[in-house]
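**Student:** One structure is given below, represented as structure tokens, and several questions about it will come after.
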Amino acid sequence: MEKKIKIVQFVEAFGGGVYTYVKDLSNFLATNQSYINCEIHLIYSPNRVELDKELFHKEIHQDIFLYEVDMQRPINLKKDKIVFTETRKLLKKIKPDIIHLHSAKAGVIGRLACLGIVSQKNVYYSPHGFSFVQQNISKIKILFFKIIEYAMPSIFGGTIIASGNTEFELAKKIGKTTLIRNGVDFELPNKLYSPVINKRFTVGTVGRLTPQKNPKTFNKIASLLPDVDFIWIGNGELIDDITSKNIKVTGWIRTREELLQTINSLDLYIQVSLWEGLPIAILEAMAMRKPLVVSNVIGNKDTVDDNYNGFVYNTTEEAIEKIRYFLNEEQRNAMGNNSYEKVFNEYNKNNNFLKLIDIYKQVKV
């Protein structure tokens, strides 16, 4: 009988798009045993505020082995040492053939914890947005994070799994890299999509109200377009940055079905982030046939072919100009349909996860 390949998914940033990606990947592996005979273990931190634990346990496949570790995003040597020790004990018990690390914190602790347990050739790392591209930290921190990201593969080996084209170009300078784009499932979007009819033109975005997602710029754009309605789908610590009267903040939306229905109510999807990996929220909007206006940063710009399914902007004034372009229904519908074509062809979850499985199957036991 063919030996089961033991695969560990290890993640700290278990919220938002990373949650969706890791959960979907784990479920895909569990339900596609005909492609790869495997046993899936998920080691995760439950500490992200947007993680709905009850919903997670309903959404995750029952055959996946789950382990909680008390991992925090900020660097804390004392706490991180405890997480390292606990993770290493788990890995010694599991004896995985493959470990896939998600986000920077897990990338560092995971590489250290699996030394001597998992072959370097079988270590994979998805940054989901490199930490050194952040724009709200000091130059010293940027340099520190860059040194860490460059040192890890050179010392510990492994393969970087880039989620989009621009991240791929960046990752190739750091170490061995493969491009496996993020993806979405199309069954629910195809079921829920319906043409939208709004009394007032409506623009929306999805995300946590954090510096990365840039709510101040979102608020400024809305304040300069008083005849347009804006929706922020999510919540977060920078809620006070939202002051314009034409913005509605929904709070956290619990299920993917509710999220897609809310996205469907939009005329246009906007992403004003200061930095990104490759946002699954944008891909979901594309699957709901929404044209895009996105800031010119890594990840965002991978989702747009300018003047085909939307626009990449560099200034607030340019963003406003592009939003006004979509007041024309014919242009809006044409680019919305193009969004669907692009996401279906390039960011199809099933196709892209099968490519990742092909990589996993090259495991050197």
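The values are calculated or read from the model by the stated rules, or taken from the named source; none is laboratory data. Just so it is clear, the structure is predicted and the values come from calculations on it, not from any experiment. Ideal geometry is used to build each Cβ from the backbone, glycine not excepted, and the neighbour counts take in all protein chains shown. When the accessible area is computed, the model is the full protein with side chains, heavy atoms only, and any ligands, DNA or RNA have been set aside. Shrake-Rupley method; radii C 1.70, N 1.55, O 1.52, S 1.80 Å.
**Student:** Based on the Cβ-Cβ distance of SER265 and ALA334, what FRET efficiency does E = 1/(1 + (r/R0)^6) give at R0 = 22 Å, to the nearest 0.05?
**Tutor:** 0.65
**Student:** If you place +1 on the Cβ of every Lys and Arg, -1 on the Cβ of every Asp and Glu, and leave all else neutral, what size is the dipole of region 276-316 about its Cα centre, to the nearest 20 Debye?
**Tutor:** About 120 debye.
**Student:** In nm², what is the average projected area of the convex hull enclosing the Cα atoms of region 209-365?
**Tutor:** 10.5 nm²
**Student:** Straight distance only, please: which aspartates and glutamates reach the Cα of LYS342 with their own Cα at less than 15 Å, same-chain residues fewer than 8 apart left out?
**Tutor:** Candidates past the 8-residue exclusion: ASP185, GLU284, ASP302, ASP305, ASP306.
**Student:** Another question, if that's okay. Can you give the % of DSSP beta bridges in the chain that are antiparallel, to the nearest 5?
**Tutor:** 0 percent
**Student:** Here is a further query. Taking the Cα centre of region 107-236 as origin, work out the dipole magnitude from +1 charges on Lys and Arg Cβ and -1 charges on Asp and Glu Cβ, in debye rounded to 20.
**Tutor:** Approximately 340 debye in magnitude.
**Student:** Note down the nm distance, to one decimal, between modelled labels 7 Å out along Cα→Cβ at ASP227 and at SER154.
**Tutor:** Label at ASP227, label at SER154, 5.7 nm between them.
**Student:** Just to be sure I understand: if I project the alpha-carbon convex hull of region 207-289 onto a plane and average over all orientations, what area do I get in nm²?
**Tutor:** In nm², the orientation-averaged hull projection of region 207-289 is 5.2.
**Student:** Still on this model: Arranged from highest to lowest average of other beta-carbon atoms within 10 Å per residue, in what order do the peptides 344-352, 332-340, 243-251 appear?
**Tutor:** 332-340, 344-352, 243-251
**Student:** Sticking with this structure for a sec: How large is ³J(HN,Hα), in whole Hz, for each residue of region 288-298 in order, when computed from phi with the Karplus curve 6.51 cos²θ - 1.76 cosθ + 1.60 and θ = phi - 60°, using x for Gly and Pro?
**Tutor:** Coupling constants for region 288-298: 8, 6, 9, x, 10, 10, 9, 5, 7, 10, 3 Hz.
**Student:** Going through the cross-link list LYS173/LYS355; LYS79/LYS290; LYS58/LYS290, which pairs have a Cα-Cα distance over 31 Å in this structure?
**Tutor:** LYS79/LYS290, as the Cα separations exceed 31 Å there.
**Student:** Quick one: divide the alpha-carbon radius of gyration of the chain by 2.2 N^0.38 Å and tell me what you get.
**Tutor:** In units of the globular-protein estimate, the chain measures up at 0.99.
**Student:** While we're on this one: Based on the mean of other beta carbon atoms within 10 Å per residue, what is the order of 38-49, 8-19, most packed first?
**Tutor:** Taking the mean over residues of other Cβ atoms within 10 Å, the ranking is 8-19, 38-49.
**Student:** For region 90-104, just list the computed ³J(HN,Hα) in residue order, Karplus coefficients 6.51, -1.76 and 1.60, θ = phi - 60°, integers in Hz, with x standing in for Gly and Pro.
**Tutor:** Those phi angles translate into 4, 5, 5, 6, 6, 6, x, 8, 9, 10, 10, 9, 10, 6, 4 Hz.
**Student:** Could you list which residues have their amide H under 5 Å from that of GLU39, counting only those 5 or more apart in sequence or on another chain, with H placed in the peptide plane?
**Tutor:** Long-range HN contacts for GLU39: ILE5, LYS6, ILE7.
**Student:** Here's another thing I want to ask about it. Roll a 1.4 Å probe over the protein heavy atoms and report the accessible area of LYS95 in Å², nearest 10.
**Tutor:** My reading of the accessible area for LYS95 is about 140 Å².
**Student:** Please give the charge dipole size of the chain, origin at the Cα centre, charges +1 on K and R Cβ atoms and -1 on D and E Cβ atoms. Round to the nearest 20 debye.
**Tutor:** Dipole about the Cα centre, nearest 20: 1400 debye.
**Student:** Output the relative contact order of region 243-365, whole-number percent, from Cα pairs under 8 angstrom with separation of 6+ residues.
**Tutor:** 22 percent
**Student:** Near LYS78, which lysines are there with a Cα under 27 Å away, not counting those fewer than 8 places off in the same chain?
**Tutor:** Result set, ordered by chain and number: LYS53, LYS89, LYS92, LYS93, LYS95, LYS105, LYS139, LYS141, LYS146.
**Student:** Can you grab the distance from the C-alpha centre of region 11-53 to the C-alpha centre of region 112-166, Å, no decimals?
**Tutor:** Their Cα centres are 19 Å away from one another.
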